[in-house]
């Protein structure tokens, strides 16, 4: 006989776990402690298995039946519901570990460009104020150019155009670090060139050319500046 909400609420614990079956191999397991767990028994590749479908009352009888039906649909396609769930959890865990903020902090701590300590601290603060609140929790592999542009436009609209350009460069370095470490396929910031407001005419930008004498701009400093400020070189 199918379970009812009343029967579930009135189910009392015993010295050993008891099982109240609903149908379709779905049952409620009542532990000696009083906890109630939804379980589903199924067979896959000739072996009997079971998976948890949640805790009652957080998962209602109706929801448990819906989860049972989804699991049975997976079985019908030749998939193991238990293994499918493990794979989903792995993907979710990797997504949590590979957020933009997590990778940015890893990059910063491990291999940030050769800035001075105070300059590096300022750049991290820029990320914490202007970037992390908006895309910090996003998996880096799922970021899109419009999302990053939206972050930069917020900065641009408050009149901080130079900061917006700096942030575009820093975000690009973080994403390229993600590319190098296998967390994302490509640097999407290359798609943002020309998306920010053009630099105002008459406002001096740092421009480094090969014609500059080494005495004016030492080569090592040129390389450091180009890495730290890719937006400033042209």
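Residues are listed down the side, and each one gets a yes or a no for (1) out of contact with any helix residue (DSSP H, G or I) (no Cβ under 7 Å at 6 or more places or on another chain); (2) touching a residue at least 12 places away in the same chain (Cβ under 8 Å); (3) farther than 19 Å from residue 88 by Cα:
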position: 8; (1), (2), (3): no, yes, yes
position: 23; (1), (2), (3): yes, yes, yes
position: 35; (1), (2), (3): yes, yes, yes
position: 40; (1), (2), (3): no, yes, no
position: 47; (1), (2), (3): yes, no, yes
position: 56; (1), (2), (3): no, yes, yes
position: 66; (1), (2), (3): yes, no, no
position: 70; (1), (2), (3): yes, no, no
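When you scan the stretch 72-108, how many residues do you find that are surrounded by 15 or more Cβ atoms within 10 Å (Cβ to Cβ) and either more than 16 Å from residue 51 (Cα to Cα) or under 9 Å from the mean Cα position of the chain (by Cα) (or both)?
Result for the stretch 72-108: 12.
What helices (runs of 4 or more DSSP H) lie completely within the stretch 3-97 and have 3 or more residues being within 30 Å of residue 140 (Cβ to Cβ) and at pLDDT below 90?
Those helices (runs of 4 or more DSSP H) span 81-97.
Can we say residue 142 is in contact with a strand residue (DSSP E or B) (Cβ under 7 Å, 6 or more places away or on another chain) and either within 20 Å of residue 183 (Cβ to Cβ) or surrounded by 19 or more Cβ atoms within 10 Å (Cβ to Cβ) (or both)?
no
Somewhere in the stretch 118-138, is a residue modelled with pLDDT of 90 or more, touching a helix residue (DSSP H, G or I) at 6+ places or on another chain (Cβ under 9 Å), in a helix (DSSP H, G or I) and under 12 Å from residue 177 (Cα atoms)?
Taking every residue of the stretch 118-138 in turn, none turns out to be modelled with pLDDT of 90 or more, touching a helix residue (DSSP H, G or I) at 6+ places or on another chain (Cβ under 9 Å), in a helix (DSSP H, G or I) and under 12 Å from residue 177 (Cα atoms).
I need the full set of residues from the stretch 143-165 which are assigned to a helix (DSSP H, G or I) and either outside the structural domain of residue 105 (by TED's automatic domain parsing) or in contact (Cβ under 8 Å) with a residue 24 or more places away in the chain (or both), in order please.
Those that are assigned to a helix (DSSP H, G or I) and either outside the structural domain of residue 105 (by TED's automatic domain parsing) or in contact (Cβ under 8 Å) with a residue 24 or more places away in the chain (or both): 145, 148, 149, 152, 153, 154, 155, 156, 161, 163, 164, 165.
The values are calculated or read from the model by the stated rules, or taken from the named source; none is laboratory data. Nothing here was measured: the structure is a model prediction, and the numbers come from that model. In this analysis, Cβ positions are derived from the backbone assuming ideal geometry, glycine residues included, and neighbour counts consider all displayed protein chains.
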